[in-house]
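The values are calculated or read from the model by the stated rules, or taken from the named source; none is laboratory data. Given the structure is predicted, the values throughout are model-derived calculations rather than measurements. Cβ placement follows ideal geometry from the backbone for every residue including glycine, while neighbour counts extend to all protein chains displayed.
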Amino acid sequence: MKSATKTQRNHRHPVDTPTLDLLSRAEDSTVRAVVDWLNGAISEGKEWPQALLEAIGRWPLPQEEINGVRHQYLLLGEAFDWLTLAGRLLATVDGCVPEADKEALLFQSRLPQEVSESQFRSLIGPEKYGAHLNYFYGVIVEESLLLAVEEEVRKERTCLGLRDSEEVAELAHQRLHGDTREALLRVFRQEMSRPDSFSISITELKEFTYWLFKRRVNSADSSRVASDTKKGLERVFRMDGINSPPG
């Protein structure tokens, strides 16, 4: 599925403070409406997983800042991290959702009841679903692919009698992406006009992973991309206790 790319604007018109205040109030009002709807739906007896996914479908913001902390739901304008948004929304319905169910969703990506792929798509909407697929393949599968390559490198080194070390991760990056993680991260930050740093946040790590995915897909031939995707998917399903992906 093709991802939507935001058009870059070279010229920006100055926005005065009153206009910014109006925009802020409008956003607050829209967000509050979604939160109120979610609480009301659960209070009226709707199953919370369905109500949560419907609320996610109604959600208007790609990101927001709460108490000085940035919450990024749409990575690089293309990849939708629905679980991060789910955590933000579930925090507004404390006491209405069992803690065990909440933890299963946020830490194991498991809803307490079966939700089919078509139901999931219908509840969050086709646009967010497309961006969710970008996140799944560009972040989840890409991370798993890197782990699979690390395992290959580790096995090769073991056969040669070499010890495990931090070098394994660097060698995996070089094999999969053509350069070291440090060099790639520097290029990523330059493209994003971000300062270099010794640390990286969880959000930036996800964005970096998605950027690596796009870079790899755009530079490799289709057969290599298909092979790597299969390897990454197999690693994902193996972690979930499934021998192989369906189909």
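Of the numbered conditions (1) closer than 18 Å to VAL141 by Cβ; (2) of a type in the set (A, V, I, L, M, F, W, C); (3) in contact (Cβ under 8 Å) with a residue 12 or more places away in the chain, LEU205 fails exactly one; give the number of that condition.
(3)
Considering only residues that are part of a loop (DSSP other than H, G, I, E, B) and either under 12 Å from TRP48 (Cβ atoms) or aromatic (Phe, Trp, Tyr) (or both), which ones fall in segment 100-114?
Hits for segment 100-114 are LEU111, PRO112, GLN113.
Go through the residues of segment 154-165 one by one and say whether even a single one is among the hydroxyl-bearing types (Ser, Thr, Tyr) and in a helix (DSSP H, G or I).
yes
Looking at ASP164, ASP240, ASP221, can you tell me which residue is loosely packed, with under 13 Cβ neighbours inside 10 Å, closer than 21 Å to ALA79 by Cβ and at pLDDT below 95?
Result: ASP240 is the single residue among ASP164, ASP240, ASP221 that is loosely packed, with under 13 Cβ neighbours inside 10 Å, closer than 21 Å to ALA79 by Cβ and at pLDDT below 95.
Take segment 112-147 and flag every residue that is among the aromatic types (Phe, Trp, Tyr) and under 23 Å from LYS102 (Cα atoms).
Selection gives PHE120, TYR129, TYR135, PHE136.
Quick test of your reading of the structure: VAL97 fulfils all but one of (1) part of a helix (DSSP H, G or I); (2) crowded, with 16+ Cβ neighbours inside 10 Å. Name the failing condition by number.
So VAL97 meets the others, but not (1).
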